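Peer 1: Below: one structure in structure tokens.
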Amino acid sequence: MPPRPDPTSRRSALPLLGVGAGAAAALGLAAWLLLSEQDPGGEAPKPPIDTEAPSPAPKGPELDPGAAASVPASDSVIFSEVAVWLAPEVVSSSDGSAAIGAGRTCSLSGRCFDERGGVRGVEVKITGGLNAGARAITNSDGQYELPLLYPGAAIVDFESPVHGRARRDVTIHDGQAEDFDLPLLQPGNVHGTVLDPKGAPIERAHVELDGLAAETDKTGKFFFNGVIPGNVILYISADGHATRRATLNLRPGNYIETDRAVFRLEKSNPLVAQLSAPTAGAAPPMLVVLPADPPSDFSIPWEKFVISSPRPGDEQVRIDGLPVERDLRASAFSTAGVPDPRTRPVLLRAGDTSAFSRPIFQFSWKRAVSGIVMADGKPLQGARVRIESTNIARAMDWALRDCGGLNRFAIPILPCARKQCESGYQGEFRIETSDMWTPAALVVEASGFDRAVLPVPEKGGDLGIVSLTRDPELGPATLALKYELPSRRRLRLSVNGAPSEERTLEAGESITISDLAPGSYAIRVRENGTPVFERPSARVRGTTQIAISGIPR
């Protein structure tokens, strides 16, 4: 049992624990991976905190497009502080259907600040939900922006080298620009107690807070010191008990003590499912367990129950921490085959080992798209091939419609919306399509070659040879932005949501960003906080020049 921390000390930097899908790397990703609150008032009252349904974090105010703060002009390179992540690629299908990436109608922006003002260098990263992997770094005024996002529930991590880590729930609403500020004010402490259904303490229960971890002692108590105030998320789990999620409101400098934060865990029974993979070498199937009906509370962290087999070839998946006596449904997905059945009802009872709680899924080929990737007149092994719904948000909402939809679950993109594989030794590929949400497109990519995009036949079929042509512009890309208006203007530019310093641009002046990975980038220009120029998906390869013109007065 680890020693009890000193209440006056800052919390130690324990390993970050991911929630939901793992975040994608920021800079230099291959384009195929890219389609992919706080009341600073006085001391809080001290009622017992033992609710079966902790309230979700309140939604932040709607974004005021003119609310961007002004900072002094800077003579430094305008993009020197920008950590660029590749924007989602928007690819038009040759059959005239909606472009891949349709449905990215939202954005998330805000400001991280402390008592002295905006905090620079805070990494803002979405770690759960459809937008996992999106990230930005706050500028000198503490501002960040993440454009081109899918709607739905998200888990967002904030990490400051000075202030530490924070993890928050954010719901990104369809077609809206969400505003979420994080005050990095005086930290507080969270001390709590974990009990079983009879009120006895649970020893060695695992507790997560802001990506850090602790275990309860013999009295069931846990301690977190130096916690960034706000609506703090806790995940609590213990052997034989249902995993619980709770949200506590921690005011700046306040203490949430063990007698105020009491969590009772209900009993649990493991779910063991058998997944028969459709073919040797296929990626492990994925099992998703969700409530059969829209949940009335958020005390169960359903994002924790999206599980893949440990490794290819394993046929059994075990999920611990599910609640008993609730109507659940287990759904299976695979990038290579279609499950039979697609979904099975599950009702777990304490101590029950009947077949009803052990669903079996058989995967089989039904309709597939196949072909051979050729380059330079030869079969190309290792090409990245994917079939993706043109609107992933719509596909996922369809997959989750029976249990509440995207806004309730911060789960990753499922194979019903995107499937992928690599071409084999003879350039061959085969991807199952019959459970895809259509329309969809086939995208084939390989390093050093131009992308090939083809429409997916509704009933599948063999596409024959898919030829890739060499890209003559290999290596790092350069983006040149040229201001072509005749008069001086004081503007703020951002690339992929990482705002630059505000700066006055002269007529004909160019700004160059070099050493970018080839891909698509979102470019935005604001004046006094109002967007005046926007290019949501500018494809950059080699040396790409974009003229900033047509800005209204």
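The values are calculated or read from the model by the stated rules, or taken from the named source; none is laboratory data. Quick caveat: nothing in here was measured; it's all calculated off a predicted structure. FYI the Cβ positions are ideal-geometry reconstructions off the backbone, even for glycines, and counts take in every protein chain you see.
Peer 1: Looking only at the range 126-141, filter to residues that are buried (at least 23 other Cβ atoms within 10 Å of the Cβ) and not aliphatic (A, V, I, L, M); which one of those is farthest from Lys304 (Cα to Cα)? First the steps, then the outcome.
Peer 2: Initial filter on the range 126-141 (buried (at least 23 other Cβ atoms within 10 Å of the Cβ)): 126-132, 134-136, 138-139.
Now restrict to residues that are not aliphatic (A, V, I, L, M): 127-129, 131, 135, 138-139.
Numbers: Thr127: 12, Gly128: 10, Gly129: 11, Asn131: 16, Arg135: 22, Thr138: 29, Asn139: 33 Å.
Taking the candidates together, the pick is Asn139.
Peer 1: Looking at the structure I just gave you, is Val170 touching a strand residue (DSSP E or B) at 6+ places or on another chain (Cβ under 9 Å), in a loop (DSSP other than H, G, I, E, B) and closer than 20 Å to Gln143 by Cα?
Peer 2: Values: touching a strand residue (DSSP E or B) at 6+ places or on another chain (Cβ under 9 Å): yes; in a loop (DSSP other than H, G, I, E, B): no; closer than 20 Å to Gln143 by Cα: yes.
Taking the combined requirement at face value, the residue does not satisfy it.
Peer 1: Next up: When residues of the range 140-172 are filtered for being under 15 Å from Pro183 (Cβ atoms) and among the acidic types (Asp, Glu), how many remain?
Peer 2: 1
Peer 1: Still on this structure, I have one more. Here is a list of conditions, (1) over 27 Å from Tyr144 (Cβ atoms); (2) surrounded by 13 or more Cβ atoms within 10 Å (Cβ to Cβ); (3) modelled with pLDDT of 75 or more; (4) in contact with a Phe, Trp or Tyr (Cβ under 9 Å, 6 or more places away or on another chain), and Ser467 meets all of them except one; can you say which number that is?
Peer 2: The one condition Ser467 does not meet is (4).
Peer 1: Within the range 178-197, can you find the residues that are touching a Leu at 6+ places or on another chain (Cβ under 7 Å) and part of a strand (DSSP E or B)? If you could, list the steps in order and put the result at the bottom.
Peer 2: Pass one, the range 178-197, residues touching a Leu at 6+ places or on another chain (Cβ under 7 Å): 178-180, 188, 190, 194, 196.
Matches in the range 178-197: Glu178, Asp179, Gly188, Val190, Val194.
Peer 1: In the range 379-390, is there at least one residue being at pLDDT below 90 and outside any strand (DSSP E or B)?
Peer 2: The answer is yes; a qualifying residue exists.
Peer 1: Right, something else. Taking the criterion of being closer than 30 Å to Ala395 by Cβ and at pLDDT below 95, would at least one residue in the range 183-204 satisfy it?
Peer 2: Of the residues in the range 183-204, the ones closer than 30 Å to Ala395 by Cβ are none.
Taking every residue of the range 183-204 in turn, none turns out to be closer than 30 Å to Ala395 by Cβ and at pLDDT below 95.
Peer 1: Could you please find all residues in the range 198-221 being surrounded by 15 or more Cβ atoms within 10 Å (Cβ to Cβ) and in a loop (DSSP other than H, G, I, E, B)?
Peer 2: Result: Ile202, Glu203, Ala205, Asp210, Gly211, Thr216, Asp217, Gly220.
Peer 1: Which residue out of Ser370, Ser389 is closer than 26 Å to Pro457 by Cβ, surrounded by fewer than 23 Cβ atoms within 10 Å (Cβ to Cβ), hydroxyl-bearing (Ser, Thr, Tyr) and in contact with a strand residue (DSSP E or B) (Cβ under 6 Å, 6 or more places away or on another chain)?
Peer 2: On the way: Ser389 fails: surrounded by fewer than 23 Cβ atoms within 10 Å (Cβ to Cβ).
Answer to the check: Ser370.
Peer 1: Which members of the range 155-169 meet the condition of being crowded, with 24+ Cβ neighbours inside 10 Å and closer than 15 Å to Thr247 by Cα? Give the derivation first.
Peer 2: Here is the first cut: in the range 155-169, the residues crowded, with 24+ Cβ neighbours inside 10 Å are 156, 158, 166-167.
Answer for the range 155-169, where residues must be crowded, with 24+ Cβ neighbours inside 10 Å and closer than 15 Å to Thr247 by Cα: Val156, Ala166, Arg167.
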